[in-house]
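The values are calculated or read from the model by the stated rules, or taken from the named source; none is laboratory data. For clarity, every value in this text was computed on a predicted model and none was experimentally measured. Counting neighbours? That spans all protein chains shown, and the Cβs are built from the backbone with ideal geometry, glycine included.
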Amino acid sequence: MYPELMVIPMREELVRAGIQETRTADEVDGAVTQPGTTLVVVNSICGCAAGKMRPGVRLALANATSHPDRKITVFAGQDREATERARSYFEGNPPTSPAVAILRDGKLVYLMQRFVIEQSTAQEIAQELMRAFDEFCAKATV
């Protein structure tokens, strides 16, 4: 685990974007088990989180026409209980960080893992997330 002072700016970057920080398993469950869609951002101290994932998530949220009902983040390597609980919803997928997931009614419908993040620019990540928001988070119109 890194000293908390080192990770504060990395935590705050997502919180300033409107993403709720969850630091316990109960906080994760409280968000994910609600009806509707939840964006789960597995934050990390690594370079691809700093240069690609966090900026990509921020760009997507700022420019998307559809948004998840809730947005939460956990910090891998720091908040282990919360991170393990979040990853428990990513059934059948290996744990990676960073990662970005969308859950609907507590079930995984979308997952962007580290290998995708590493190969993408922040703009490409934003474009893909906006596409995923449109597909999985758009509200039905009558």
**Message:** Residues that are modelled with pLDDT of 95 or more, closer than 19 Å to residue 33 by Cβ and surrounded by fewer than 18 Cβ atoms within 10 Å (Cβ to Cβ): does the stretch 119-127 have at least one?
**Reply:** no
**Request:** Go through the stretch 12-66 and give me each residue that's among the hydroxyl-bearing types (Ser, Thr, Tyr) and touching a Leu at 6+ places or on another chain (Cβ under 9 Å).
**Result:** 37, 38
**Prompt:** Applying the selection to the stretch 55-96, what residues are charged (D, E, K, R) and over 15 Å from the mean Cα position of the chain (by Cα)?
**Reply:** 80, 81, 91
**Count of the stretch 36-55 residues which are in contact with a strand residue (DSSP E or B) (Cβ under 9 Å, 6 or more places away or on another chain), under 10 Å from residue 98 (Cβ atoms) and of a type outside the set (Ser, Thr, Tyr)** = 7
**Prompt:** Within the bounds of the stretch 35-54, is there any residue that is farther than 21 Å from residue 9 by Cα and either surrounded by 24 or more Cβ atoms within 10 Å (Cβ to Cβ) or under 13 Å from the mean Cα position of the chain (by Cα) (or both)?
**Reply:** yes
